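The values are calculated or read from the model by the stated rules, or taken from the named source; none is laboratory data. Every value quoted in this text rests on a predicted model; they were computed, and no experiment measured them. When we count neighbours, we look across all protein chains shown, and the Cβ atoms used for this are built from the backbone with ideal geometry, even at glycine. Surface accessibility is based on the protein's heavy atoms, side chains included, excluding ligands, DNA and RNA. Shrake-Rupley method; radii C 1.70, N 1.55, O 1.52, S 1.80 Å.
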Amino acid sequence: MRKVLSSGMPRVWLLVALILPVSAAAQTVLDSVERIDFNRPESWAMKYFTSVSLLTTPGTPSPSHLGSLKVGLEAEWIPSLSATQRTVGFDGVKTEDLNKLPLIGRVRASTGLPLGLSLTLAYVPPIRINGVQANIFSAALGYPYSPIDHLTLGLSAYGQLGSVKGDFVCPLSEVRAGNDPQRNPFNCLSKSHDKVRMNYLGMELSGAYEIPEARGLQPYATLAFNYMNLEFHVDARYGDVTDFTRLKTDGVTFSGTLGLLFPLTPRLEVSAEVFYSPLRVRRPPATSTTNDGLFNVRAMVAYRFF
């Protein structure tokens, strides 16, 4: 017998299917689309890792001439999540395997456009590491303004289209545990092939002050507004359930950075910054939301070719 639950039926049916006795031939297939609140635990996990990928500006949009080219390599720290933070499945019941990578890296390139604008393109290539494969493209359009000597202000509009694939719901470690109720509590039968879409649009204000006496060292700060459109597509088998549920959510976050940019030579520069974004979440059995924000560190080395 094959039972299909669709058209937005809540995922609580999964728990029912796992708890109630079912004949060996029975199979429950979930293929539904759920739109969930932006503060639910599942949404928090999506916006947390999407915030890791937010495209920030090291300093301010660079004043650049038409056709200039600057290429950089960026690395970002991904903080490890506690067991409580990883308990996001089924509205905060199931612990997911979210501590996959400690770092993320991407390539960035900026070029000068007419009217003093600059275009930045960034890419995380689809290289599989520890069962995770990202494919993320980001872009930003920036404009600098210098009201006084050594002070530069900037305005940037940016966006991202991208996804990350991995075995988050049923990791290989649980599958290999077999019938062990402690190490495989939801009886995962095979490694899942889950996918999270991490799309956003944002606006960023930035400011930097160059200190000539410190060889051009630039302390800087940014503030940003982000609209996120997120989706988690489950592709997992556990117990007598085959789950293709898609969870969709959208909402607004805010973020900011404090950093330092230092030119090593007229063409080569390095930058480092701390990033913070407050993220609201309601973790059952609580009925109110709390802040569980992302704090991480980012660094970049960039070279201007012309």
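Assorted remarks:
- The chain: relative contact order as a whole-number percent, Cα under 8 Å and 6+ apart: 21 percent
- Per residue accessible area in Å² of the chain, where ligands, DNA and RNA are left out and the probe is 1.4 Å: 48 Å²
- The angle between the Cα long axis of helix 41-52 and the main principal axis of the chain comes to about 30°, on a 0 to 90 degree scale.
- The chain - Debye-derived log10 I(q)/I(0), Cα point model, q = 0.09, 0.14 Å⁻¹: -0.51, -1.01
- Per-residue ellipticity at 222 nm, computed for the chain from helices alone with -39500 (n - 2.57) per DSSP H run of at least four residues, works out to -2500 deg cm²/dmol.
- Rg and Dmax over the alpha-carbon atoms of the range 117-234 stand at 21.6, 68 Å.
- Cβ crowding within 10 Å averaged over residues, with 176-185, 139-148 ranked highest first: 139-148, 176-185
- Cut-off 9 Å between beta-carbons: net charge of the residues surrounding Gly105, Lys and Arg +1, Asp and Glu -1: -1
- The relative contact order of the range 149-287 comes to 21 percent, based on Cα pairs under 8 Å that sit 6 or more residues apart.
- Span from the the range 79-158 Cα centroid across to the the range 29-58 one, whole angstrom: 14 Å
- When the range 115-246 is described by a simple charge dipole with +1 on each Lys and Arg Cβ and -1 on each Asp and Glu Cβ, the residue from Ser146, Val175, Ala122 located farthest towards its positive end is Val175.
- The chain - percent of accessible surface contributed by carbon and sulfur, probe 1.4 Å: 64 percent
- Tensor-based shape of the range 111-185 (alpha-carbon gyration tensor, a/c under 1.5 rounded, otherwise prolate or oblate): prolate
- Estimated from the Cβ-Cβ distance and a Förster radius of 51 angstrom, the FRET efficiency linking Tyr145 and Val93 is about 0.55.
- Loop-located trypsin sites (Lys or Arg not before Pro) in the range 185-271, at most 15 other Cβ atoms within 10 Å (DSSP): Arg215, Arg267
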